[in-house]
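The structure under discussion appears below in the form of structure tokens.
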Amino acid sequence: MTLEEILKRYKDGETELAETLQQLSGRGIDEMGFATIDTDRMHRTGLPEVIYASGKTTEQVAQIARRLYDDNIDILATRVKPEMFDAVKKLIPGARYNEMAKTITYKHTEPELNKGYIAIVAAGTSDMPVAEEAAETARFLNNEVKTIYDVGVAGIHRLFNKLDIIRGARVIIVVAGMEGALASVVGGLVDKPVIGVPTSIGYGANFDGLSALLSMLNSCASGISVVNIDNGFGAACQAALINRM
């Protein structure tokens with residue numbers, strides 16, 4: 001029951017004050033024993049409850065997805081294994097799986113897209129799984145997304161060929177491993193917010209993304225923010241909030 005419905009029932013005299021207060025105190029909490037779903041997260045923060053599948057069992061992911069579906073909440077799950085999707089698909093036939101992004105998505109309706117678009121720029125093909133996680137998340141949050149892949153600094157002319165698309169975005173997500181230099185390059189060419197996503201792609205001294213993370217954090221280009229290593233989801237959430245403003 002929505003907050004508006006609870007208050008309207010009290011206003012119309014259908015519920016007493018004590019019952020209304022009890023409904024309000026329990027609002028947003030759906031207990032499942034092994035999980036507590038925040039059903040009010042979207043209203044409170046502008047971002048919905050999301051299933052982080054890593055570390056969960058296949059059965060847990062499927063049960064949480066079904067409960068979200070029953071609560072009329074759109075479904076996004078990240079870091080999903082194929083067998084998890086198979087279990088969810090049996091319960092929610094309309095669910096969709098992006099194998100590269102490792103995401104499950106399901107939407108009850110397709111609302112109007114936010115104004116403007118988010119550009120997702122990936123340095124290399126190896127960075128695409130993280131970039132695709134960002135793209136799927138941004139689309140799920142009602143944004144148009146334009147992806148530009150394999151335009152890293154080793155062949156910088158490839159980036160310049162796509163500058164019109166990049167500069168036309170309201171927010172730009174830059175995904176890069178190795179030394180993570182692409183975020184600084186893009187940040188020095190545009191007048192839009194740039195969100196850097198370091199990836200764990202790279203040889204030994206990359207330290208599983210640590211070198212890219214430190215490079216982005218130490219960028220001399222202004223206006224760059226940085227999320228955690230391989231966190232395409234977090235970058236897309238930030239970009240969606242900016243694009244919605």
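The values are calculated or read from the model by the stated rules, or taken from the named source; none is laboratory data. Small disclaimer: the values here were computed from a predicted structure and weren't measured. Every residue, glycine among them, receives a Cβ derived from its backbone with ideal geometry; neighbour counts consider all protein chains shown.
When you look at GLY116, is it at pLDDT below 95, in contact with an Asp or Glu (Cβ under 9 Å, 6 or more places away or on another chain) and buried (at least 18 other Cβ atoms within 10 Å of the Cβ), yes or no? Against the criterion (at pLDDT below 95, in contact with an Asp or Glu (Cβ under 9 Å, 6 or more places away or on another chain) and buried (at least 18 other Cβ atoms within 10 Å of the Cβ)), GLY116 does not qualify.
May I ask you to verify whether LYS107 is touching a residue at least 12 places away in the same chain (Cβ under 8 Å) and within 17 Å of the chain's Cα centre (by Cα)? Against the criterion (touching a residue at least 12 places away in the same chain (Cβ under 8 Å) and within 17 Å of the chain's Cα centre (by Cα)), LYS107 qualifies. Inclusion of ALA135 among residues that are of a type outside the set (S, T, N, Q) and farther than 21 Å from GLY187 by Cβ is not warranted. Does ILE229 qualify as being within 23 Å of the chain's Cα centre (by Cα) and farther than 23 Å from ASN142 by Cβ? In short, yes. From the list ARG170, ARG158, the one residue that fits, being in contact with a Lys or Arg (Cβ under 8 Å, 6 or more places away or on another chain) and assigned by TED's automatic domain parsing to the domain that holds SER225, is ARG170. Pick from GLY187, GLY196, GLY223, GLY202: which is surrounded by 21 or more Cβ atoms within 10 Å (Cβ to Cβ), at positive phi and without any contact (Cβ under 8 Å) to a residue 40 or more places away in the chain? From the options GLY187, GLY196, GLY223, GLY202, the qualifying one is GLY202.
Every listed requirement among (1) among the polar types (S, T, N, Q); (2) free of Cβ contacts under 8 Å to residues at least 60 places away in the same chain; (3) crowded, with 18+ Cβ neighbours inside 10 Å is met by ASN143 save one, (2). Is it the case that the stretch 153-164 has a residue that's at pLDDT below 95, crowded, with 22+ Cβ neighbours inside 10 Å and in contact with a strand residue (DSSP E or B) (Cβ under 7 Å, 6 or more places away or on another chain)? Checked against the condition, which is being at pLDDT below 95, crowded, with 22+ Cβ neighbours inside 10 Å and in contact with a strand residue (DSSP E or B) (Cβ under 7 Å, 6 or more places away or on another chain), the stretch 153-164 yields no hits at all. Scan the stretch 43-57 for residues that are part of a helix (DSSP H, G or I) and either in contact with a Gly (Cβ under 7 Å, 6 or more places away or on another chain) or free of Cβ contacts under 8 Å to residues at least 24 places away in the same chain (or both) and jot them down. Within the stretch 43-57, ARG44, THR45 qualify. If I ask for residues that are crowded, with 19+ Cβ neighbours inside 10 Å and within 15 Å of the chain's Cα centre (by Cα), which ones from the stretch 49-76 would you list? Those that are crowded, with 19+ Cβ neighbours inside 10 Å and within 15 Å of the chain's Cα centre (by Cα): GLU49, VAL50, ILE51, ALA53, ASP74, ILE75, LEU76. Taken over the stretch 205-220, residues that are in contact with a helix residue (DSSP H, G or I) (Cβ under 8 Å, 6 or more places away or on another chain) and either of a type outside the set (S, T, N, Q) or surrounded by fewer than 18 Cβ atoms within 10 Å (Cβ to Cβ) (or both) amount to 4.
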